[in-house]
Amino acid sequence: MALLSSFNEDRPVTYIRGYPIYYATILTIAYATGVLGTFIAKAAGGSELLISWFAFQPDYSIFQGRIWQILTYSFISTPNFFTVIGLLFLYVSAVEIEKYIGKARFLTLYGVMVLIPVVSLTIAAFGGLSVLYFGQTEIAIGFFIAFCTLYPGIQWGGFFAAKWIAIVSLVIASLSDLSSRDWISFLELWLISGFSFGYIRFLQRGGELPSIRLVNPLRKRPKLRVVPPPRPRPTQVSEPAENIEIDPLLDKISRKGLGSLTAAERSALERAREKLLENDKKRKR
């Protein structure tokens, strides 16, 4: 229960014609744009130039000041069938993760997954191994592993649980790297997947990393005005939030998502979350 985000954190960044836009939506669009840009550059014969400017290589990215390559390397991806499927899985997984754990935790997850290859390859460069690295496959699989860690029992196609699909996907990707002797991609795949699994488990057990409060530049600030205190209104009789059981709500979230909850159910979850945090603070004292 400590994993539940606040109800401000699970809201979209903005809406476009009534369609919710999350950070995961923006990320997927950016990756799709990167795939298209890679395709155009390859068709025009400029793929080597694109890779030299945007792929990550410690000798140039770190030691010669091309710092932007720390972020741009994952947006270079050769278009093929598996790339398109990967973008689809990326969008579905990342949006559901952001809805559940909130914007700040989602960006923390993504930021660390991006930095894992940067840190590991930079350390390897000090040992004399300098590798050119780019692509988004490992990050997409990392998001899918995190999604399946959140919803291990959800059924795909009505036959297979998500946790088994995650295991099969990880095995197939590993065998593909091993068959082509791509040891670097194999290493990064397991480092990123291991972190995404461990980070979600860490949150599920009540852990919390320091986070920066996010400011949405697309949201208009309300104008301040003085209003008289509201008059008391007769309350309607409804089911108290305290009387709602929490376990059935968690089952409902795993099956239908957080957006399926009613206002009373959301209030019950928020109360339970606040109570759990208070108990954690008392135990730490």
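Taken together, the values in this text are just the output of simple stated rules run on the coordinates, not laboratory data. Since the model is a prediction, treat every value here as computed from it, not as a measurement. Cβ coordinates were reconstructed from backbone atoms using ideal geometry, including for glycine residues, and neighbour counts include every protein chain displayed.
Legend: distances between Cα atoms for Lys42/Lys99; Lys163/Lys252; Lys99/Lys163; Lys103/Lys252; pairs beyond 25 Å are Lys42/Lys99.
Charge tally around Phe143: other residues with Cβ under 11 Å, Lys/Arg +1 each, Asp/Glu -1 each, net -3. Of interest is the spacing of the C-alpha centroids, which for region 50-77 and region 104-139 amounts to 11 Å. Note on region 14-204: with charges restricted to the Cβ of Lys and Arg (+1) and Asp and Glu (-1), its dipole about the Cα centre is near 440 debye.
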